[in-house]
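Written below as structure tokens is the structure these notes are about.
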Amino acid sequence: MSQALAEIPYDLRDIIENIVTEDDEQVDNLFSEKEQRLLAHNLYCSWTPPPSEEAPEEKRKFLADSNIGIYRTPYDKPVAPDMFLTLDVETPFDWHARERRSYFIWEFEKPPDVVIEIVSNTEGHELDEKLRHYARLDVSYYVVYDPQHLLMEDMLRVHERGFGRRYRRRDDYNLPDVGLNLTFWEGSYEDGQGSWLRWCDSQGKMIPTGAERAERLAAKLRELGVDPDKL
């Protein structure tokens, strides 16, 4: 048992010990899995969060992941978004510890800043139950991406936290409090050709994948007369 868990009051510790943090029953389609990976992995590859007002000289930490259970309290059922982003938190060092295997809001001391749900059927309740749930969690931005138009005519909606933990729908795809925008991109990702949802920085510049960064570096080396394949 970790020291942090040992310091929790016994009744709460017993609840955490019995929380189901993974059930191995997640089933999703190929596109959704690749899209989730594209959204989360790109941030680690190529993004630097905007400086915080509290510590403008320090590089901000963040956590971006997919299909991780988010718990508001030990007594509530979790929700596992397709992708989420939280600024100013650290990836747990001991992530096998029971109290760090999921996103327990009382452990991270804040809810996620961004949650994205990718609509893959008509049974996910992205526009009603999940919208209300993320509002209760106090998530700053809730994004619904519906590439097949299963629930709505538009493909993308960005909901922004307003007063009273209620969402208001933005007229654009900007997430100004985290310094990110969203856009659509036609191209190939992991050998899959199609239209993808991508991040842009606060200036509207698309955040590249690791492969795209490597290609740009190789092009620069060739301009300098260096063959990157021989390095």
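The values are calculated or read from the model by the stated rules, or taken from the named source; none is laboratory data. As the structure is a computational prediction, the values presented were derived from the model and not from experiment. Cβ sites come from the backbone with ideal geometry, for glycine too, and all protein chains shown count toward neighbours.
Restricting the search to the range 87-101, which residues are outside any strand (DSSP E or B) and surrounded by 20 or more Cβ atoms within 10 Å (Cβ to Cβ)?
Glu99 - this is the single residue of the range 87-101 that is outside any strand (DSSP E or B) and surrounded by 20 or more Cβ atoms within 10 Å (Cβ to Cβ).
Criterion first (farther than 19 Å from Glu160 by Cβ, of a type in the set (Val, Ile, Thr) and at pLDDT below 90) does Thr48 satisfy it?
So Thr48 does not fit the description; no.
Does the range 73-86 hold any residues that are crowded, with 18+ Cβ neighbours inside 10 Å and either of a type in the set (Gly, Ala, Ser) or in a loop (DSSP other than H, G, I, E, B) (or both), and which are they?
Answer for the range 73-86, where residues must be crowded, with 18+ Cβ neighbours inside 10 Å and either of a type in the set (Gly, Ala, Ser) or in a loop (DSSP other than H, G, I, E, B) (or both): Pro81, Asp82.
Would a scan of the range 166-182 turn up a residue that is farther than 28 Å from Arg60 by Cα and touching a Phe, Trp or Tyr at 6+ places or on another chain (Cβ under 7 Å)?
There is no residue in the range 166-182 that is farther than 28 Å from Arg60 by Cα and touching a Phe, Trp or Tyr at 6+ places or on another chain (Cβ under 7 Å).
Can you name every residue in the range 172-225 that is in a helix (DSSP H, G or I), at pLDDT 95 or above and either among the hydrophobic types (A, V, I, L, M, F, W, C) or touching a helix residue (DSSP H, G or I) at 6+ places or on another chain (Cβ under 7 Å) (or both)?
Correct list: Val178 only.
Could you check how many residues of the range 132-163 are farther than 22 Å from Phe108 by Cα and out of contact with any strand residue (DSSP E or B) (no Cβ under 9 Å at 6 or more places or on another chain)?
Final tally of qualifying residues: 6.
What pairs come out if I take residues in the range 172-191 that are of a type in the set (Phe, Trp, Tyr) and pair them with residues that are outside any strand (DSSP E or B) whose C-beta lies under 8 Å away, six or more apart or interchain?
Within 8 Å, the pairs are Phe184/Met155; Tyr189/Lys34; Tyr189/Leu38; Tyr189/Thr209.
Inspect the range 170-179 for any residue being among the small types (Gly, Ala, Ser), in contact with a Pro (Cβ under 6 Å, 6 or more places away or on another chain) and on the phi > 0 side of the Ramachandran plot and give the result as yes or no.
Yes, because at least one residue in the range 170-179 is among the small types (Gly, Ala, Ser), in contact with a Pro (Cβ under 6 Å, 6 or more places away or on another chain) and on the phi > 0 side of the Ramachandran plot.
Are any residues in the range 192-231 in contact with a strand residue (DSSP E or B) (Cβ under 6 Å, 6 or more places away or on another chain) and either touching a residue at least 40 places away in the same chain (Cβ under 8 Å) or closer than 18 Å to Asp82 by Cβ (or both), and if so, which ones?
Result: Ser195, Trp196, Leu197, Arg198, Trp199, Ile207.
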